[in-house]
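Please read the structure below before turning to the comments.
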Amino acid sequence: MTLPVEHILEMQGISKAFPGVQALDKTDLFVRKGSIHGLVGENGAGKSTIIKVLAGIYTRDEGTVSINGAACDALAPAVVHEAGVRFIHQELHLVPYFTVAESVFMGQEQHGVLGLAGRRMRRRAEQFLKESLNCELDGKALIRTLSPAEKKLVQIARALIDDKARLVIFDEPTAPLASGETEQVFKAIRRLKERGISMIYVSHYLGEITDLCDEVTVFRNGATVAQLNRVDANSTQTIIHNMVGRDIDALYPEKKHSDGARMFSVSALGDNSRFFNVDLNISAGEVLGVAGLIGSGREEFIDTLYGLRRAEAGDMQFDGRELKLKSPADAVANGIVLVPRDRRNDGLVLNMSVGDNINLASLDEVAWARMEKRGLSLKRANELSEQIDIRPRNPKAITRFLSGGNQQKVVLARWLATQSKLFILDEPTVGVDIGAKVEIYQLIKELAANGAAVIVSSSDPQEMLGLCHRIMVMYRGEVVEDTPIDAIDFDSLLALSTSGARVASTA
Ligand SMILES: Nc1ncnc2c1ncn2[C@@H]1O[C@H](COP(=O)(O)OP(=O)(O)OP(=O)(O)O)[C@@H](O)[C@H]1O
Ligand SMILES: [Mg+2]
């Protein structure tokens, strides 16, 4: 006789409809006590919705929920909190001018006489970060001085500091981190597991899922299509197959050799603070990757290419002309297309319909006055929505109610449809599911094959190696490498990004 499996969470037959969308359709989610449970599925599959049902943000239409063996008829945020369920949302919600200790205790301050509580809180925050999360931080440090990974850990500490957490839900916790920084968060998660805390982990990085998780649930179109009770490196194929309903044999398209004319070049570009003396050359037909951790100057450099930041030194040449950019509108007027990193905030009007977002100018009217063949690009944008599979395929849907990944796709479709000779794509696939990734890589390849120069800035080394002809690596504001793709591998790319040298120093 086998003992019954003990579940910390049982969600059974959960349905939730929104106007026009069956977001969850008799969905099941069972989380074994003490395990790290991966939750995966394509964009719009219902992952965030079931989490919001559990959190008491949405009310389910049907289905039963029990937490730690106790049935919960009504799920209100206070009830769920009392039951020991904690949520680490994707957004940070930390105040830059608060200290670490203040942030950890925000909303649950301890009061004491003569300011003693302040010191106690600080010590408690430091101790908790160290012992529970494996992170040594000064409780007096200001949030704005921390690395993205450290901020994420403070956010985690804040959810767990009362020591009553039994089930913690992480919604894409590593999306804002560069690959060198995720390990710190993983260590913290493993430490929580040792302490007996159960977890649900949502991510589009399947490598993280197979690395970290003990069991996995796969959603497709709002239904549970697979439950894996054991996970190893070989589970990836099974997961993908269930997620997208087919096998994906090649993630990256075959690269076409390119030897077009010089399209865009930058020499000795600098802003006197975040990056210095940067040279970049790209030809028609070429896909160039720019790698570098957060803080390497990569983001600031890319922003400068697009006129968001001002260059203080150096110059740029585009298609044989000197380029002086005072604003992004200048860049657009010159025919440069940028797909921004923070698409949700920079690229979308959330209260507008999907159709309007695709069809209307999201930047300046100036840009559009100069944009030729507008009708053509609208048609193309609609074709692209089909190709990268924006769901629901309803141009009247309000953008705010699309899933995170589908919002990303809307902006991508808009800009990829534009006629241009130079595309700058900042983190083009963050938050996007694997099926759409394949389509986006294919589109990038086509842009290049049709003679455009494409600069891809990304924190995913795998993606860089798979997609680009050439990679440039930034470290502490300078270019430490500029190499054809076949002269670099995963390890040296990682080492270059994290230490500025091909071989990571062991010191
Ligand atoms: N408040 C809402 N109103 C209307 N439709 C909604 C709302 N919230 C979610 N939806 C729809 O429900 C479906 C499931 O969305 P959900 O956010 O759960 O997807 P997801 O699996 O988290 O996707 P992603 O990986 O892109 O974050 C989508 O079709 C989405 O458009
Ligand atoms: Mg989501």
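Just a few scattered comments:
- Residue pairs whose Cβ atoms lie under 6 Å apart, separated by 6 or more positions or on different chains, with the first residue in segment 403-430 and in contact (Cβ under 8 Å) with a residue 24 or more places away in the chain and the second small (Gly, Ala, Ser) and within 16 Å of ligand 2 (Cβ to nearest atom), are SER403/GLY44; GLY404/GLY431; GLY405/GLY431; ASN406/GLY44; GLN408/GLY431; VAL430/ALA175.
- Checking each residue in segment 182-205 for being more than 16 Å from ligand 1 (Cβ to nearest atom) and either exposed (fewer than 15 other Cβ atoms within 10 Å of the Cβ) or not hydrophobic (A, V, I, L, M, F, W, C) (or both) picks out THR182, GLU183, GLN184, LYS187, ARG190, ARG191, LYS193, GLU194, ARG195, GLY196, SER198.
- Residue count for segment 376-433, restricted to those that are within 16 Å of ligand 2 (Cβ to nearest atom), more than 13 Å from the chain's Cα centre (by Cα) and of a type in the set (Asp, Glu): 1
- Filtered residues of segment 231-274 (kept if closer than 30 Å to GLY335 by Cβ and in contact with a Leu (Cβ under 7 Å, 6 or more places away or on another chain)): TYR252, MET263, PHE264, SER265, VAL266
- Taken together, the residues in segment 463-486 that are basic (Lys, Arg) and either part of a loop (DSSP other than H, G, I, E, B) or under 22 Å from the mean Cα position of the chain (by Cα) (or both) amount to 1.
- Looking only at residues of segment 420-462 that are in a helix (DSSP H, G or I) and within 16 Å of ligand 1 (Cβ to nearest atom), we find that the one that is surrounded by the most Cβ atoms within 10 Å (Cβ to Cβ) is ALA436.
- Criterion violated by ALA175 - all others in (1) hydrophobic (A, V, I, L, M, F, W, C); (2) out of contact with any helix residue (DSSP H, G or I) (no Cβ under 7 Å at 6 or more places or on another chain); (3) part of a helix (DSSP H, G or I) satisfied: (3)
- No other residue among LYS47, LYS33, LYS52 is without any contact (Cβ under 8 Å) to a residue 40 or more places away in the chain and closer than 28 Å to ASN242 by Cα apart from LYS52.
- Lone qualifier among GLY320, GLY307, GLY314, GLY347 - being at pLDDT below 90, surrounded by 13 or more Cβ atoms within 10 Å (Cβ to Cβ), farther than 28 Å from ILE398 by Cβ and of a type outside the set (A, V, I, L, M, F, W, C): GLY307
- GLU131 vs. criteria farther than 28 Å from ILE67 by Cα, more than 16 Å from ligand 1 (Cβ to nearest atom) and in the same structural domain as PHE98 (by TED's automatic domain parsing): no
- Residues of segment 36-54 satisfying the condition of being within 13 Å of LYS16 (Cβ to Cβ) and more than 9 Å from ligand 2 (Cβ to nearest atom): ILE50, LYS52, VAL53, LEU54
- All strands (runs of 3 or more DSSP E) inside segment 277-344 with 3 or more residues being closer than 30 Å to ASN406 by Cα: 287-291, 336-339
- Here ASN229 meets the list (1) more than 28 Å from LYS187 (Cβ to Cβ); (2) not assigned by TED's automatic domain parsing to the domain that holds HIS469 almost entirely, failing just condition (1).
The values are calculated or read from the model by the stated rules, or taken from the named source; none is laboratory data. Bear in mind that the values here come from a model prediction, so they are computed numbers and not experimental data. In this analysis, Cβ positions are derived from the backbone assuming ideal geometry, glycine residues included, and neighbour counts consider all displayed protein chains.
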